[in-house]
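Participant: Before we start, here is the structure in question, set down as structure tokens.
The values are calculated or read from the model by the stated rules, or taken from the named source; none is laboratory data. All figures in this text were calculated on a predicted structure; none of them were measured in a lab. Ideal geometry is used to build each Cβ from the backbone, glycine not excepted, and the neighbour counts take in all protein chains shown.
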Amino acid sequence: MSDGENRPARIEDVHELALAMPHVTIYPGTEDRPVYQVGGKSFVFFRTPRPDAVDPETGERYPDVIVFWVASEDDKQALVQDGTSPFFTTAHFNGHLSVLLRGSRIGELTRDELAEIVQDAWLSRASARRAAAWLDAHPPK
């Protein structure tokens, strides 16, 4: 990615980045909230408002939660432990290898950072063969 990709991330980037990964299909989800899958396994999806993710001041359900799979509990904790991070989790996701991000906070990430999150989500759900092929074609910098 170019240096210009260090701009703040946008919601549109989630769609673009997820679709850029190989073997991706889109499950329509509900209310125009697509579910991006590889090999029939979700790796990124836009969640409907749920009672476990609410504004602590108003009690209103967050309407803009995006779910990203992660490879391990350690990866999850690395993203959610920092209180200033835009990533979070809820009790509903205890034991689930994913992190949550409010769309309203996506601009706290750069597009490059978001790309890494989406790629890691894809890698965590792709078959070993597909993941190895993608990693061979995209060696770490």
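Participant: I want to confirm something. Restricting to the stretch 59-68 and keeping residues that are in contact (Cβ under 8 Å) with a residue 12 or more places away in the chain and not acidic (Asp, Glu), which single residue is surrounded by the most Cβ atoms within 10 Å (Cβ to Cβ)?
Facilitator: Phe68
Participant: Moving on. Would you call Ala78 among the small types (Gly, Ala, Ser) and part of a helix (DSSP H, G or I)?
Facilitator: The answer is yes for Ala78.
Participant: Can you find a residue in the stretch 6-15 that is assigned to a helix (DSSP H, G or I), out of contact with any strand residue (DSSP E or B) (no Cβ under 8 Å at 6 or more places or on another chain), within 22 Å of Ala137 (Cβ to Cβ) and without any contact (Cβ under 8 Å) to a residue 24 or more places away in the chain?
Facilitator: no
Participant: Return yes or no: is Val118 buried (at least 18 other Cβ atoms within 10 Å of the Cβ), at pLDDT 95 or above and assigned to a strand (DSSP E or B)?
Facilitator: Answer is no for this residue.
Participant: In addition: Checking Phe88 against (1) in contact with a helix residue (DSSP H, G or I) (Cβ under 8 Å, 6 or more places away or on another chain); (2) in contact (Cβ under 8 Å) with a residue 60 or more places away in the chain: exactly one of these is not met. Which one?
Facilitator: Answer for Phe88: the failing condition is (2).
Participant: Return the pairs, sorted by first residue and then second, in which the second residue is not in a helix (DSSP H, G or I) and not hydrophobic (A, V, I, L, M, F, W, C), the first residue lies in the stretch 99-114 and is within 7 Å of Ala9 (Cβ to Cβ) and at pLDDT below 95, the beta carbons are less than 9 Å apart, and the residues are 6+ apart or on different chains.
Facilitator: none
Participant: Right, another one. Those residues that are farther than 20 Å from Tyr36 by Cβ, among the small types (Gly, Ala, Ser) and either surrounded by 15 or more Cβ atoms within 10 Å (Cβ to Cβ) or in contact with a Ser or Thr (Cβ under 7 Å, 6 or more places away or on another chain) (or both), I need them from the stretch 69-106; list them, please.
Facilitator: Hit for the stretch 69-106 is Ser85, nothing else.
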